[in-house]
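Nothing in this text is a laboratory measurement; each read-out follows from the coordinates by a stated rule. Quick caveat: nothing in here was measured; it's all calculated off a predicted structure. For neighbour counting, all protein chains shown are included, and Cβ atoms are generated from backbone atoms with ideal geometry for every residue, glycine included.
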Amino acid sequence: MPRPRFFWHLFVGWGALLVAVVAACFFLASLVLARLADEAQLRRMTDAAAALAARLPADPAAATAESFAAAAEELSRPAGVALDLLAPDGRVLFTGASDPVGGPRATALGWPSGLPAILAETTAGRVAHASRYDAATARRLLAAAVPVGPAGSPTAIIRVAADTAAAD
């Protein structure tokens, strides 16, 4: 009689270990997939910003609000992002015509909170990004700042904001 009891103890122990390993693998895989989804969203955002930068005149400050809004509207709809043009010091020059993703522009008005760090990174010629959770709408906002012009002295910054509800 001791043999069957020993067998069941081993079976339950190994079964519990297997369930724990599968749960840990599932958790780690979900973290990796979330990181990959954020990277893909950032790539779409920077591609939209690069396409918008290509349509801007040599001096982005010389663009008109109507021309910027038209170009931003055309690019923001398929990408599902909100586009704004900022001066190198962080002032908003132009905003896109509409908010295609249902709320990131309203949420992005206070972004970025760490403006000096974001501006320093974009002035160096790198894309800066930030993510924040908006408790009012229960949504996460992903925003990126893409420099326009030469590294070291960009002529403008394109701010791209996207809601990550679909990816989350």
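Miscellaneous remarks
- Computed from backbone phi with θ = phi - 60° and the Karplus coefficients 6.51, -1.76 and 1.60, the 3J(HN,Hα) list for region 81-86 is 10, 10, 10, 9, 10, 10 Hz; x is used for glycine and proline.
- Annotation: amide H of A63 has no partner in the under-5 Å range at sequence separation 5 or more or interchain, hydrogens built in the peptide plane.
- Largest mean-square fluctuation among R139, R91, R55, in a Gaussian network model of the chain whose springs join Cα atoms under 10 Å apart, belongs to R91.
- One chain, two ends: E74 and C25. Fully extended at 0.36 nm per residue, the span grows by 13.5 nm beyond their Cα-Cα distance.
- Rounded FRET efficiency, nearest 0.05, which uses the C-beta distance separating S131 from A58 and R0 of 22 Å: 0.10
- Distance from region 28-45 to region 119-168 (C-alpha centre basis), Å: 16 Å
- Near the amide H of F94, within less than 5 Å, lie the amide hydrogens of L85, all on another chain or at least 5 residues away, with H placed in the peptide plane.
- Charge dipole (the chain, unit charges on Cβ, about Cα centre) - positive-most of A120, F26, A165: F26
- Full extension of the chain segment joining A65 with W14 gains 11.7 nm, where the gain is 0.36 nm per residue of separation less the Cα-Cα distance.
- Phi-derived couplings, Karplus 6.51 cos²θ - 1.76 cosθ + 1.60 at θ = phi - 60°, listed residue by residue for region 155-163: 8, 6, 10, 9, 9, 10, 10, 9, 8 Hz, with x used for Gly and Pro.
- Taking amide hydrogens as placed 1.01 Å from N in the peptide plane, the amide H of A165 sits under 5 Å from those of R140, each at least 5 positions away in sequence or on another chain.
- Result for the chain in a Gaussian network model with C-alpha springs under 10 Å: among V22, V148, V12, the largest mean-square fluctuation is at V12.
- Top of A156, A40, A23 by mean-square fluctuation, Gaussian network on the chain, Cα under 10 Å: A23
- Between the labelled values [x] 23.8, 95; [y] 23.0, 90; [z] 21.2, 71, the entry that holds Rg and Dmax of the Cα atoms in Å as derived from this structure is [y].
- Hz values of 3J(HN,Hα) by residue in region 133-141 - Karplus curve (6.51, -1.76, 1.60), Gly and Pro given as x: 9, 9, 5, 5, 9, 6, 10, 9, 10
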